[in-house]
Structures are given as C-alpha cells and as structure tokens.
Amino acid sequence: MMLRDSVVPYHPGDYTPTDILARVAFHYPDKDELIKMRQHAREIEPRVYKDNGDVYGQLKDLLIKLPERVAKLKPDELPPFLKQLLDAGSLALLQEYATPPQNEKYVIQVNQYLDELARINPIVLPEDQRHEELSVSLNRTIVIPSQSTTPIRADAVYSNQQLEELRGRLLGLARGHFIADTLAPKIVALTIDTFKNNPTQTLDVLKTAERQDQAAQAIMAADADILYEPKQTIVPKGDVSLKGWQLLRAENDAYLSEDGNIWKSRAGTAASVILLTLVLATYTAKYQPRVIRNQARGIAVTGLLFSMLVIAQLAGVGSSPTYVFGIAPTIVVAMILTIAYDQRFATGIATIHAALVTLALNQSLSFFLVLFTGVLICCFLLNDIRTRSKLIEVGGVTAVVLILASCAASFVQLYPIQFMFRNALYAGAAGLGVGFVVLGILPFIEKAFRITTSMTLLELADVSHPLLRRLSLEAAGTYNHSLQVATLSEEAAEAIGADSLLCRVGAYYHDIGKINKPGYFVENQAGGENRHLTLNPNVSKMIIIGHVKDGWAMAKEYNLPTKLLPFIEQHHGTTLVEFFYHRACDSVPTDGPKISEDHFRYPGPKPKSKEIAILMLADCVESAMRTMTEPTSARIETLVHELAMKRLMDGQFDECDLTMRDLERIQRSLAKTLQSFYHGRIPYPSTRGMTSATGDSSTSSTSSSSAATKSA
C-alpha cells in the first residue's frame, strides 16, 4: 500500500473538470522534448561522404578519346547518346581534331578545361543521398574524409537534379578553351552526363551514423528540464494526456518531498490499512472461523487478497485505465470467495478489499460505490455453478450493472458524455473479462481452497467415470443400490434446502469400497448362497465394516474431491451391525460373557452435515425396503419413521445441525419417493404364475438372511 505515494488520481484518458495547478515548484525532465532535441541534432549534423572512384579520370578519358571515336563515323552511325548530342558542326570539328596536329591542340584544351574544373571542384551527390537541408542553407557543410577533413561548403555541392545550376558555371569555363557556340556546350553536356552517371561522392553510412550518435549524446537530459512554478497550470481542464499524467506524478513527488509530507502520507496510509485489516480479521473470525483454524485456507485467502491488491496498485502506479484494472481485481475476489465459501462472507471481504483499492488508487467515493455495486451483484448472482456458462452469465450481468453504476458516477461528477461512455466501457469490460478469467482458473481455485464446485460434481456424476464404471461392472447390485439411494437423497435434500447435488453424487460413491469383496454383500449375490452363513460373526463383521475403509482408500486412489470422502466415511456413523451382533450373541452360552455392542459398531465418525445424515437414512431405508414383501403406503411410512427414530435415539445425528423439523420433512420425502419406487402394478394373466409369492423354502431362508445382512 505504500506504493500509493506514486499514485495520482488521474490517468491518461481521464477527465479533469478543472485546471490542475502545481502546489509546489518542481522540475520536469521532458522526455518528449529531449527526444525531439536529440532528433534535431541528428538531422542537422553534416553527413559524411566518401569518394566514388576517379570520376575526373573517367571524364578526361571520355573527352580525349572523343575525336578518335567519331573520326570515321557518319551522323547516322554515331552511338545513340552522341547522335542526340552532336550536330553536323560539332561532329565535323571533332573529326578535324582527330588529325594531327589538331589533335595535340585538342588535348591541351581538354586538360586546361579539366584543370579549371578541378579548381572549382564541384561535389556531385546522388539525389537520394543528398542532405535535405543543403538546398536551404548555404552555410551547411558536409565532410569528405577521402579528400579533406575540412567541411565543404554547401554551395559547392550539387545533386543530380541541381546539375543545371552547375551547367552555367561549366559553360563559362568551356567557352574559354573550346569554340564557344559549336563545341563548348557539347563538352559541358558530356561533363554533366558523366556526373549524373557517376557522382563524385557517396554516403558513408557508418561514419554518418557515428557522427549523428555523437551529436545526439551531446544533448544532455538537463537541456530538456522544465521548471514549473507554484500555481502554474500543469494539466488543463479536459482530457488528461500521457504527458499531463507524467507532470502530475512529478508534481506529486515534489510535493511529498517537502516538509515531511511523505511521512504524513505514509502514516495515514498505515493507520487506514491497520484499521481495515482489523475489520477484515474480525469479520473472518466471526463468519468463517475455519479460515483461521485451517492454515492452508488462510494462506489461500491471504494470497488472493494480496495478489489482487498488488494488481490494482500496479495499475495505479502505471498508466493503465483505472476503470479496468482498478475494478477487475476486486470483482475477482468477490467471485472466488463466493465459490469457495458463501455469499455473505464474500460480500464482506470483497467490500473491505474495495475500500483498500479505493485508498490505494487515490480515488473518490464514486469509484468505491461503483466497486461496491459490482461486488454485491456478483455475490448475489453467483450462488451455484452447475454449468460453464454460469460464470460468463454472472460476468455479463455484473458488466451491465457496472456500466450503469459508472454512468451514474460520471453524471455526479459532471463528466462530458464521451468520458462517461469511456469509463462505462472500461467498467463493463472489467466485469465481463473477470467471468472468463475465473472460468479459466476455476480448477486452480478448487485446488487452492480445497473445494468442489457443482460443475465438478456434475462431472463426477457422469456414469462414464472410471470408478463408477468399475462399480457397475464388478458390483452391479451395489451400483443399482447406489442409484436408488442417490435419488432418495436428492429428493430429501431438496425438501429441507440442503445441497441436493452433493447428496446425489455422494450417494453414487458411498459404497465403492464393496468393489473389493462384492460377493459378501447381498445385493451382489444374485440368488447365490450367502457366504456369511459359513463365517464366524466376527469375521463377517470385519468384512462388512471394512468396506468403509476400503472405500476411503479407493477414493484417494482415484483422486476424488475431499468433499466426497465424508460421505464414504460417515454414512454408517457408529451404528450397530445388528445381524452379526445377534448371531454372535446367539453363539455364546447363556452363562457365558456378554458381548459388547461397541465391538460390533462402525468406527464412525457420526455424520457431520445434513447431507451425510440424509444419506444415512436413505441408505438404511432403501436396504430395508428390499425385505418388505407387500409394500403399502402405510407400511413404508411406518418403516421410514421407525428407522429414522432408531438412528435419532442412537445419537447418530448429534454432531450435525439436523433439526426435528428437518427430520420430519426428510421422512415424508423418503416415504413419497419409496412409494414411487414400489408402487403396485396390475398382474397380467400371462405373468401371474411367474409373480406368485410361493417359492422354495431354502431360497426364502437364504434371501431373508441376506437381506438382514444388507440391512445391518
């Protein structure tokens, strides 16, 4: 939060309703001005050129050999460039120079002309390499290292397009050595053509860049340092530019450095943070004490709040839009805590986080109200995640509400329409973007907070899950029993407002431990002999009770969420395995030691939640219903009531918050669902013999004992 010292209320693109004046004098190193000055120094630095070979030697060779070249040619036999250049008079004169002693005279004239040209020494550059400023100022210079280190004046430099200016000077030289009207213009034309095809110099790119760098580095940062006086306008009313934002930061730093202002600011920030932290800790201890007891959860919550505050603070220090990166982190906190805990806790913590963000970003009450509105809507709508689109829908609605809230805040502050629309767009993007972000990190949220969302439960409810596939193939009877218990549990949970989806998925997996020894459980015997009839009751008891431990180990092996483990571990509580307990008692002589019930009870623990208590009841009534020969509504209701009271009197519901009203509603729901399972049907004549109650006595005895085993 101490980064708040580097945060100013306005960012690039924000609107300031009045001129912002400097509170103190400060220096601002104008980086843009420094860049411009250095660029200007680069542009005005003379370019460096190098010789382009012996151009004058090429010109001399061309002129001296010209008479010999045209000596025996007719006008129509001349090369194209000479045919356009030479007329009949100049051609005849050149042919005359080709014969001695005129030839020697011509050579002397050419040498004298070239000597005069060398004294002028025109510098001819290619057009695309000539410095742009040379045609503007005659005082501009370039450097030609191959000839001299002395800069050459710009009036001696010509480009290809400026050679007409040079033509006049060369014509004056040529007329002094050649016949003025006949040959002099032709000699000058050949000179100009030679310079066009072979400029005297070309740009030395490396040395030019080196000189430009040196010129730019000579401009110091202090050269672009601007002094602002107190009460001088640093940001005018209207749109805050990037430079205006930088000026605000420079002025803020200067203001805090005077008269201990920075320590006053830090002391106020520290006091505010300590106060909000105490409120945060008290609220957490009151409504989510398990966060304090569970260090992993505490670290997860702390990490979430810290990271989101850092993101918001970094956005404040930087130039990012406040209505995007200032709003989004708090909405992320609200969403994640609602998923991990509940709406009330998430609303309280996210509101405190909103206050911290508002303080960190130096924002007004209007900004806090926008944040608070988004937090409320997000927490109220995000109650259960059963589809992937849920988070996107909540993000979309939150975005709409944030847009409306930001528009209201802009109206309060009298912002122009264009700035109101901009802030509304940013706020909406923050709300919608958070939905996609949380959807992407949802698996990591579940692992960090050790939670299981409804969406994950729905994935676990898929019958193609490997563990359910094993259950259906290796213990088909148990699988069918689990499906019916799941239906009973789901309806009962709906009746009392419990988590029905959790009940259903917990019921699917509550008996997976029977996969290891499926033949010892009656629902998987399919008419075969009950194996427990030949076993000692203590051994049978260990097999029956062992399915809880086996199920817990199997759930860990298949990485089932920790939320489902209590359903496997607690669905029998500490109930008595009655059938084998009574068999053990019958096997003991009358005068023998009495067998303790504790020896034949499940190890527990007892159900810790309403959902597990519902599963306990649904499990026992579904098993008991299999032994009922003529299920009627009255008999079903009586059976459900007796089993519920038996569990109640046995103290199985002592550790969960199940009320008597809840228990009564659960009984009604279970009875109603069982009646739909075991409703009567009209016996058809063709199947009456197959559905008669008469049967083999031995089979009936076996079935009765097996049912008792399951019921136990």
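The C-alpha atoms of the chain define a longest principal axis, and helix 205-217 lies at about 70 degrees to it. Once divided by 2.2 N^0.38 Å, the Cα radius of gyration of the range 1-94 becomes 2.84. For the range 305-419, taking Cα atoms only, Rg and Dmax work out to 13.9, 43 Å respectively. Quick one: check the C-alpha center-to-center distance for the range 500-523 versus the range 335-383, whole angstrom. Between the Cα centre of the range 500-523 and that of the range 335-383, the gap is 42 Å.
Other residues with beta-carbon under 15 Å from the beta-carbon of Asp598 carry, at +1 per Lys or Arg and -1 per Asp or Glu, a net charge of +1. For the range 451-583, the Kirkwood hydrodynamic radius comes to 15.5 Å, computed from all pairs of different C-alpha atoms. Close amide-amide hydrogen proximity is noted between Gln201 and Asn52, Val124, each under 5 Å apart and 5 or more residues distant or on a separate chain (H modeled in the peptide plane; Pro and chain starts excluded).
Where does each of 630-640, 333-343, 469-479 land if you order them by average Cβ count within 10 Å, highest first? Before the final figure, lay out the partial values.
On the way: 630-640: 15.5, 333-343: 23.5, 469-479: 17.6.
Taking the mean over residues of other Cβ atoms within 10 Å, the ranking is 333-343, 469-479, 630-640.
Ordered from largest to smallest accessible area (heavy atoms of protein chains, 1.4 Å probe), the residues Ser257, Ser406 come out as Ser257, Ser406. Semi-axes of the equivalent ellipsoid of the range 581-668 are 27, 20, 10 Å, computed as sqrt(5λ) over the eigenvalues of the C-alpha gyration tensor in descending order. Whole-percent P(r), the range 620-681, all Cα pairs, 10 Å bins from 0: 22, 52, 22, 4, 0. The residues of the chain expose on average 50 square angstrom of accessible surface per residue, using a 1.4 Å probe on protein heavy atoms.
For the range 18-98, the list of GluC sites (Glu not before Pro) that fall in a loop by DSSP and count at most 11 other C-beta atoms within 10 angstrom is empty. Couplings 3J(HN,Hα) of the range 467-478, computed from phi: 6, 5, 4, 4, 4, 5, 8, 9, 9, 4, x, 5 Hz, in residue order, whole Hz [Karplus 6.51 cos²θ - 1.76 cosθ + 1.60, θ = phi - 60°; x for Gly and Pro].
Each peptide in 573-583, 611-621, 198-208, 454-464 was scored by the mean count of other Cβ atoms within 10 Å over its residues; highest first, the order is 611-621, 573-583, 198-208, 454-464. Of Phe325, Phe26, the order by accessible heavy-atom surface (1.4 Å probe, DNA, RNA and ligands excluded), from most exposed downward, is Phe325, Phe26.
What number in nm² do you get for the range 59-123 if you take the convex hull of its Cα atoms and divide its surface by four? Spell out each step's value before the answer.
On the way: hull surface 19.5 nm².
Mean projected area for the range 59-123: 4.9 nm², to one decimal.
One way to sum up the overall shape of the chain is the equivalent ellipsoid from its Cα gyration tensor, whose semi-axes run 99, 38, 21 Å, largest first. Note that the range 541-549 has calculated 3J(HN,Hα) couplings of 4, 5, 5, 5, 5, x, 5, 5, 5 Hz, one per residue in order, obtained from phi through the Karplus relation 6.51 cos²θ - 1.76 cosθ + 1.60 (θ = phi - 60°); glycine and proline are x.
Can you order the peptides 387-400, 273-286, 420-433 by their average number of other Cβ atoms within 10 Å per residue, highest first?
Numbers: 387-400: 18.4, 273-286: 13.6, 420-433: 21.6.
Highest-to-lowest ranking by the protection proxy: 420-433, 387-400, 273-286.
Normalised by 2.2 N^0.38 Å, with N the number of residues, the alpha-carbon radius of gyration of the range 502-552 equals 1.24. Beta-bridge orientation, the chain: approximately 80 percent antiparallel, per DSSP, counting only bridges with both partners inside.
Stokes-Einstein diffusion for the range 521-615, with the hydrodynamic radius set to the Kirkwood value over Cα pairs and evaluated at 25 °C in a medium of 0.890 mPa s, equals 163 µm²/s. The Stokes-Einstein estimate for the range 357-454, based on a Kirkwood radius over Cα pairs and taken at 10 °C with 1.306 mPa s viscosity, is a diffusion coefficient of 110 µm²/s. The amide H of Gln232, built 1.01 Å from its N in the peptide plane, has Ala22 as neighbours under 5 Å, considering only residues 5 or more places off or on other chains.
Taking N as the number of residues in the range 356-406, what is its Cα Rg relative to 2.2 N^0.38 Å?
1.29
Centre-to-centre, using Cα atoms only, the range 581-646 and the range 271-303 are separated by 43 Å. For the range 435-480, the residue among Ile451, Leu468, Tyr479 whose Cα projects farthest onto the positive side of the dipole built from Cβ charges is Ile451.
For the chain, what is the mean residue ellipticity at 222 nm derived from helices alone (per DSSP H run of n ≥ 4: -39500 (n - 2.57); sum divided by total residues; nearest 500 deg cm²/dmol)? List each step's numbers first, then the result.
Details: 30 runs with 432 residues, N = 712.
Helix-only estimate at 222 nm: -19500 deg cm²/dmol.
Remark on Gly238: its backbone amide H falls under 5 Å from those of Thr16, Thr18, a criterion applied only to residues 5 or more positions apart or on other chains, H modelled at 1.01 Å from N. Quick one: pull the percent of accessible area on the chain belonging to carbon and sulfur, 1.4 Å probe, ligands and nucleic acids left out. The value for the chain is 57 percent carbon and sulfur by accessible area. Computed over the range 165-296, the P(r) tail beyond 26 angstrom holds 70 percent of alpha carbon pairs. Derived scalar couplings between HN and Hα for the range 80-91 equal x, 5, 7, 4, 6, 8, 8, 9, 5, x, 5, 5 Hz in order, rounded to whole Hz, by the Karplus curve 6.51 cos²θ - 1.76 cosθ + 1.60 (θ = phi - 60°), x for Gly and Pro.
The values are calculated or read from the model by the stated rules, or taken from the named source; none is laboratory data. Everything numeric here is computed off the predicted structure, so don't read it as measured data. Neighbour counts run over all protein chains shown; Cβ positions are idealised from the backbone, glycine included. Note: areas computed on protein heavy atoms with side chains; ligands, DNA, RNA excluded. Shrake-Rupley method; radii C 1.70, N 1.55, O 1.52, S 1.80 Å.
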